[in-house]
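Beneath this line is the structure, given in structure tokens, with notes to follow.
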Amino acid sequence: MTAPSAVPLTGILIDSTRSLTFTFEDRPVTALAGQSIAAALYAAGVRVFSRSFKYHRPRGLFCVSGDCPSCLMQVDGCPNVRTCIEPAREGQVVRRQNAWPSADFDVLRIFDRFDRFLPVGFYYKHFHRPRWLWPIFEHTVRHIAGLGRIDLDAGPFPTAVVEHLHTDICVIGGGPAGLAAAAAALAAGARVLLLERGPQLGGHLLYDGGRPGEIEPLRAVLESPRAQVLCGTTAFGLYEGNLVGAFREGGLLKVRARHVIVCTGSRQQPFLFPRNDLPGIMLGNGVLRLAHLHGVRAGRRAVVLTDNDGGARLAGQLADLGIEIAAVIDQRVEGPCTGDWPTFTSSTVLEARGNKRLRAVRLARRDANSQIIPTTEQEIACDLLCLVSEPAPANELLLQAGMRFRPQGGRWLPDGTVPGLSAAGGAAGTLGLDAQVQEGRLRGAEAAAVLGYAVGFDFRSALADFQLRNAPAPAGAVLGNHLASLANRKSFVCLCEDVTVKDLEQAIAEGFDHIETLKRYSTVSMGPCQGKMCSLAASAVCARVTGRDPAIVGTTTSRPPAVPVDLGVLAAGRRHHPVRRTPLHHWHQAAGARWLDAGWWKRPESYGDPESEVRAVRQAVGLIDVSTLGKIELVGPDAAELLERVYLNRWADLQPGRIRYGVMCTEEGILFDDGVGARLGPDRFYLTATTGNADAVFQWLELWRDTWRLDVVLLNQTAGTAAMNLAGPKSREVLARLTRLDVSAAAFPYLALREGEVAGVPCRLLRLGFVGELGYEIHCPAAYAWHLWEALVQAGAAFGLRPFGVEAQRVLRLEKGHLIIGVDTDSLSNPLDAGLEGLVRFDKPLFHGREPLLRLKAMGPRCRLVGFRIDAPVAIPAELEGCQVVEQGRPVGRLTSVRFSPTLGGCIGLAWVPAAESRPGTRFHFHWAGREVPARVVPTPFYDPEGKRLKC
Amino acid sequence: MSFLLTCPNCGPREVTEFRYGGQILAASGNNLPGPQRERWYHRLGCRRWLVAERDVRTNTVLGTRWLAEEAP
């Protein structure tokens, strides 16, 4: 007989005519196009794929489906890549992780010898005394334990995008059941989205020797325009409202489906025996996937360990692949004896032997009481041990969505239903290709019928009939019987976290005997695989040790994500940060503006020298772009009534053409926003709101308009209207040059509104004094803003006009003692304490904040917002903002605004101080840079207290 | 939280398009498990306030209508 293992295999996913090269730890490795990184490495002779989390034990390729932690590597700087499903690419740089100096020779393996000193929960028990040792220990443990390291120099990584899809029925999994479900739903007329995580449809038919031809007709149905098929798409979460979270190359997918059918198949589970994690031990299906998908033979001489008929079948399949079968070890009393290899029934593996790779297995027979018969012990040389367990449903998504599973006849099967959700095939615990296809077809028809599509056959009785025929045998094998007597320090339940059977027994003995506390204490199922390889085994061990029914023990709660997801994918779409620019943005840019973010807006902070900008406004004239202000027009018979109810002050008595400052509170009496309002006519008002609150104020007005059903229309003119504030003693002269309006003090007094043309542009002019000088806020259509601004700048040139930015405005308004809501106030500030009591018209019967403010008024103020001066020299006053006001070392208040005032030649600010300490002249201290600095309360406004300059 | 709200103007939309505006106080008691009336604002849509009746135990939306048409 020729050596059949010399014949090359043809993998379904690979193109053997094209090869590529990547770098594996500084040496080149050749792969075939389409082959996974791990398969290429396996073909190149690599057997140690990673070092385990805690003991640094060598781990080899195990599941070949992306379900276990054994093949995680660093790929192009990205840690924890599942190399068994990640296609190799030209030029990739691949490294193993969690090992020093290398995964082949890892000195940290020493921990494996000291496992007695690292029992379950050791980090809760040791190193707490002496206390100073803890930080050192914690740092060391974090360094030694764990997965990959984030390479901060790697990247830049491509930005992930979010895609939203809507469909009638989302089928997750493109195996036989999923294809049948999709085809049946399509036949009934539904829209179907099919998500398949692998690169091709077909599921286990692609590798386990089924009948691939049978799915061809189903695949043809998917050509329908109502079908969308996405391969290479992994669903990781099934959320409320049938929202499916999935990722694929390039980004995140959010699918909203009216119905979800989960057809994610099943997966084999590891067996528990000493050293069951040695490289060379693989899931039987993993061996098949490696061969049929990637064209790589996993070994030359294999032993198969099984507890069902699948073992004998696998042995036949491996023999066909040219792998010599040394033995089939069947843990059952009776099993099929096929092929020309020995089959050992009632037997089990006592131990896997070998150092960094499997050399042999030691096995023995058990007697009727499950005890090992010592005389039957023997050793069989092999380089591959295939584990063929009864497949367990891949049901994480179903569990997340609330479907319950319970053990019935040795299998975990769905128990009960969830609206809008169903399962078919292996995920529902259904075994056998025919049954899986049939169930898929029936569930697809059922889902379509629930959504109102006409199904051409009686699927209900067919489904009932199906369930009857596929009910599990009442008395099956006891779940987990192979666990009986092989508790050992090296029998690994959880490959991710290095948790052994012994660890679980120890944890249960310490009282953590509930599956959820057992998980948290031992960390079983908390690793990257999220319990796919250990959840059922942990449950079975817990059931055996506690003597409880496995159905009572259950499994731990399944939560998203079901598979590891790159953080970059989850961050997709979060980078969207809108930027708003005023119509004058590019003028400011050209004038050398330094930018400031104000909400979403870009505003000029200054044009280089804020101090001289302040002087220009005080001595001549300045111009600032205030287009970011919220601008709202109210039209309707109830306009005044709405304002009366949401603002603290009165509006009903405001005369047309006049302006009033207004402040509004929340229902709790907390300061919300301020601005000015002008009356345009009997039932027409024009309001401004602060830049950051413009949207919130508009929504607030609409909310209460609708709640009270007031007859008023609200127009948000924030974006469509530009505004600029011309301020300074010379502003009247500048304005007079550009308009035919009478701007004399008598004809256009303080707090008046006029409408007219300025530089040929139709404008609203509001005579205001936020910065404390004679000034005009000019509002005009945004499209004319540039023209108007330039006209003002030109007309003002002869008067020394300077554009000024937000920083100069802050200083100017602070000199006037004006507070800024949100800067000088917070979510506890009320208008009484803030010195705005004069605005609160308690004689109004109804307004937001009336009741709480009445109570606060009765209680008297506890703190006050006051003006202060600092006489000590301060280098950068703005840095003092936020400093605590202290009294005998205890914080009693804080500084909210601090600036150097060029006008007053000193450092001034606003601060919250205790009411008892708020009289002008009182000295207080604030804490800054480790010392207490004195300041004194002074009356506000600091500048022009009588307001002569702005009213002139 | 991931459910759909049916805007009377725009139809069924993701809840993330809306801003929550608080429960409408009820005479029978507030902040209780079960259906409650709430204000929602269709921030990323037609920008109008609506009322949704939602079972806070299951996030099932039982119905929506304009706030201005809600019984006071």
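The values are calculated or read from the model by the stated rules, or taken from the named source; none is laboratory data. In this text the structure is predicted, and so the values were computed from the model without any measurement. Note that each Cβ is placed from the backbone with ideal geometry, even for glycine, and that neighbours are counted across all protein chains shown.
Those residues that are of a type in the set (Asp, Glu) and out of contact with any helix residue (DSSP H, G or I) (no Cβ under 8 Å at 6 or more places or on another chain), I need them from the stretch A:865-910; list them, please. Lay out the reasoning, then the answer.
Step one: of the stretch A:865-910, the residues of a type in the set (Asp, Glu) are A:871, A:879, A:881, A:887.
Correct list: A:871, A:879, A:881.
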**Prompt:** Quick check: is even one residue across the stretch A:630-638 buried (at least 20 other Cβ atoms within 10 Å of the Cβ) and either hydrophobic (A, V, I, L, M, F, W, C) or assigned to a loop (DSSP other than H, G, I, E, B) (or both)?
**Reply:** yes
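Report yes if some residue within the stretch A:643-654 is of a type in the set (Val, Ile, Thr) and surrounded by fewer than 21 Cβ atoms within 10 Å (Cβ to Cβ); otherwise report no. Talk me through it step by step, then tell me what you get.
The first filter runs over the stretch A:643-654 and keeps only residues of a type in the set (Val, Ile, Thr), leaving A:646.
Among the residues that remain, those that are also surrounded by fewer than 21 Cβ atoms within 10 Å (Cβ to Cβ) are: none.
So far as the stretch A:643-654 goes, no, none of its residues is of a type in the set (Val, Ile, Thr) and surrounded by fewer than 21 Cβ atoms within 10 Å (Cβ to Cβ).
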**Request:** Quick one: residue A:303 ticks every box in (1) more than 14 Å from chain B (Cβ to nearest Cβ); (2) within 22 Å of residue A:529 (Cα to Cα) except a single one, so which number is it?
**Result:** (2)
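For every residue, the table says whether it meets (1) at negative phi; (2) outside any helix (DSSP H, G or I); (3) buried (at least 17 other Cβ atoms within 10 Å of the Cβ).
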{"residue": "A:507", "(1), (2), (3)": "yes, no, yes"}
{"residue": "A:518", "(1), (2), (3)": "yes, no, yes"}
{"residue": "A:527", "(1), (2), (3)": "yes, yes, yes"}
{"residue": "A:530", "(1), (2), (3)": "no, yes, yes"}
{"residue": "A:536", "(1), (2), (3)": "yes, no, yes"}
{"residue": "A:540", "(1), (2), (3)": "yes, no, yes"}
{"residue": "A:552", "(1), (2), (3)": "yes, no, no"}
{"residue": "A:555", "(1), (2), (3)": "yes, yes, yes"}
{"residue": "A:561", "(1), (2), (3)": "yes, yes, yes"}
**Message:** Of all residues being farther than 23 Å from residue A:51 by Cβ and of a type in the set (Phe, Trp, Tyr) in the stretch A:128-146, which is surrounded by the fewest Cβ atoms within 10 Å (Cβ to Cβ)? Just the residue, please.
**Reply:** A:132
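Looking at the stretch A:385-476, what helices (runs of 4 or more DSSP H) fall wholly within it and have at least 2 residues that are free of Cβ contacts under 8 Å to residues at least 12 places away in the same chain?
Values: elements: A:396-400, A:433-450, A:459-469.
So the answer is A:459-469.
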**Request:** State whether one or more residues within the stretch A:792-806 are in contact with a strand residue (DSSP E or B) (Cβ under 8 Å, 6 or more places away or on another chain), buried (at least 20 other Cβ atoms within 10 Å of the Cβ) and assigned to a loop (DSSP other than H, G, I, E, B).
**Result:** yes
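Table: residues versus (1) without any contact (Cβ under 8 Å) to a residue 24 or more places away in the chain; (2) surrounded by fewer than 19 Cβ atoms within 10 Å (Cβ to Cβ); (3) within 12 Å of chain A (Cβ to nearest Cβ); (4) within 19 Å of residue A:256 (Cα to Cα).
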position: B:5; (1), (2), (3), (4): no, no, yes, yes
position: B:9; (1), (2), (3), (4): no, yes, no, no
position: B:13; (1), (2), (3), (4): no, yes, yes, yes
position: B:19; (1), (2), (3), (4): no, yes, yes, no
position: B:25; (1), (2), (3), (4): yes, yes, yes, no
position: B:31; (1), (2), (3), (4): yes, yes, no, no
position: B:40; (1), (2), (3), (4): no, no, yes, no
position: B:49; (1), (2), (3), (4): no, no, yes, no
**Item:** Subset of the stretch A:240-283 (residues that are among the hydrophobic types (A, V, I, L, M, F, W, C), touching an Asp or Glu at 6+ places or on another chain (Cβ under 8 Å) and not in a loop (DSSP other than H, G, I, E, B))
**Value:** A:247, A:252, A:253, A:257
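Conditions tested, residue by residue: (1) without any contact (Cβ under 8 Å) to a residue 12 or more places away in the chain; (2) out of contact with any Ser or Thr (no Cβ under 8 Å at 6 or more places or on another chain).
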{"residue": "A:793", "(1), (2)": "no, yes"}
{"residue": "A:798", "(1), (2)": "yes, yes"}
{"residue": "A:805", "(1), (2)": "no, no"}
{"residue": "A:808", "(1), (2)": "no, no"}
{"residue": "A:815", "(1), (2)": "no, no"}
{"residue": "A:818", "(1), (2)": "no, yes"}
{"residue": "A:826", "(1), (2)": "yes, yes"}
{"residue": "A:831", "(1), (2)": "no, yes"}
{"residue": "A:836", "(1), (2)": "no, yes"}
**Message:** Consider the stretch B:51-72. How many of its residues are of a type in the set (Asp, Glu), within 11 Å of chain A (Cβ to nearest Cβ) and touching a residue at least 12 places away in the same chain (Cβ under 8 Å)?
**Reply:** 1
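Would you call residue A:244 modelled with pLDDT of 95 or more and within 14 Å of chain B (Cβ to nearest Cβ)? Please lay out each step first, then the result.
On the way: modelled with pLDDT of 95 or more: yes; within 14 Å of chain B (Cβ to nearest Cβ): yes.
The answer is yes for residue A:244.
Could you go through the stretch A:539-557 and let me know if any residue there is free of Cβ contacts under 8 Å to residues at least 24 places away in the same chain and under 22 Å from the mean Cα position of the chain (by Cα). Can you show your working first?
Going residue by residue through the stretch A:539-557, those that are free of Cβ contacts under 8 Å to residues at least 24 places away in the same chain are A:547-549, A:552.
Still in the list and also under 22 Å from the mean Cα position of the chain (by Cα): none.
The answer is no, given that none of the residues of the stretch A:539-557 is free of Cβ contacts under 8 Å to residues at least 24 places away in the same chain and under 22 Å from the mean Cα position of the chain (by Cα).
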**Request:** Kindly indicate whether any position in the stretch A:586-594 is surrounded by fewer than 15 Cβ atoms within 10 Å (Cβ to Cβ), free of Cβ contacts under 8 Å to residues at least 12 places away in the same chain and in a loop (DSSP other than H, G, I, E, B).
**Result:** no
**Asked** Which one of the conditions (1) within 26 Å of residue B:70 (Cβ to Cβ); (2) more than 14 Å from chain B (Cβ to nearest Cβ); (3) assigned to a helix (DSSP H, G or I) does residue A:615 fail to meet, given that it meets all the rest?
**Response** (1)
**Message:** Name the residue that is farthest from residue A:401 (Cα to Cα), counting only residues in the stretch B:2-52 that are out of contact with any Gly (no Cβ under 9 Å at 6 or more places or on another chain), in a strand (DSSP E or B) and among the polar types (S, T, N, Q).
**Reply:** B:23
**Complete:** Wholly inside the stretch A:683-782, strands (runs of 3 or more DSSP E) that include 2 or more residues that are within 14 Å of another protein chain (Cβ to nearest Cβ) and without any contact (Cβ under 8 Å) to a residue 24 or more places away in the chain are none
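Tally the residues that are part of a strand (DSSP E or B) and either in contact with a Lys or Arg (Cβ under 7 Å, 6 or more places away or on another chain) or within 14 Å of chain B (Cβ to nearest Cβ) (or both), restricting the search to the stretch A:218-235.
Taking the stretch A:218-235 and keeping what is part of a strand (DSSP E or B), we get A:227-230, A:234-235.
This time we only want the ones that are either in contact with a Lys or Arg (Cβ under 7 Å, 6 or more places away or on another chain) or within 14 Å of chain B (Cβ to nearest Cβ) (or both), so: A:230, A:234.
Residues flagged as part of a strand (DSSP E or B) and either in contact with a Lys or Arg (Cβ under 7 Å, 6 or more places away or on another chain) or within 14 Å of chain B (Cβ to nearest Cβ) (or both) within the stretch A:218-235 amount to 2.
Name the residue, out of A:215, A:261, that is crowded, with 20+ Cβ neighbours inside 10 Å, among the β-branched types (Val, Ile, Thr) and at pLDDT below 95. Reasoning before the result, please.
Details: A:261 fails: at pLDDT below 95.
So the residue among A:215, A:261 that is crowded, with 20+ Cβ neighbours inside 10 Å, among the β-branched types (Val, Ile, Thr) and at pLDDT below 95 is A:215.
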**Item:** residue A:359 surrounded by fewer than 20 Cβ atoms within 10 Å (Cβ to Cβ) and either over 20 Å from residue A:264 (Cβ atoms) or of a type in the set (Asp, Glu) (or both)
**Value:** yes
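Taking the condition within 30 Å of residue A:292 (Cα to Cα), in a loop (DSSP other than H, G, I, E, B) and out of contact with any helix residue (DSSP H, G or I) (no Cβ under 6 Å at 6 or more places or on another chain), does residue A:84 pass? First the steps, then the outcome.
Details: within 30 Å of residue A:292 (Cα to Cα): yes; in a loop (DSSP other than H, G, I, E, B): yes; out of contact with any helix residue (DSSP H, G or I) (no Cβ under 6 Å at 6 or more places or on another chain): no.
Spelling it out, it is not the case that residue A:84 is within 30 Å of residue A:292 (Cα to Cα), in a loop (DSSP other than H, G, I, E, B) and out of contact with any helix residue (DSSP H, G or I) (no Cβ under 6 Å at 6 or more places or on another chain).
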**Message:** Can you report the number of residues in the stretch A:94-117 which are part of a loop (DSSP other than H, G, I, E, B) and either loosely packed, with under 11 Cβ neighbours inside 10 Å or of a type in the set (Ser, Thr, Tyr) (or both)?
**Reply:** 2
**Message:** Would you confirm whether or not the stretch A:149-156 contains a residue that is touching a strand residue (DSSP E or B) at 6+ places or on another chain (Cβ under 9 Å) and either in a helix (DSSP H, G or I) or hydrophobic (A, V, I, L, M, F, W, C) (or both)?
**Reply:** yes
**Request:** Could you grab the pairs with beta carbons closer than 6 Å, sequence gap of 6+ or different chains, first residue in the stretch A:248-269 and within 27 Å of residue A:525 (Cβ to Cβ), second one hydroxyl-bearing (Ser, Thr, Tyr) and assigned to a strand (DSSP E or B)?
**Result:** A:261/A:422
**Prompt:** Going by the structure shown, is residue A:22 modelled with pLDDT under 90 and not in a loop (DSSP other than H, G, I, E, B)?
**Reply:** no
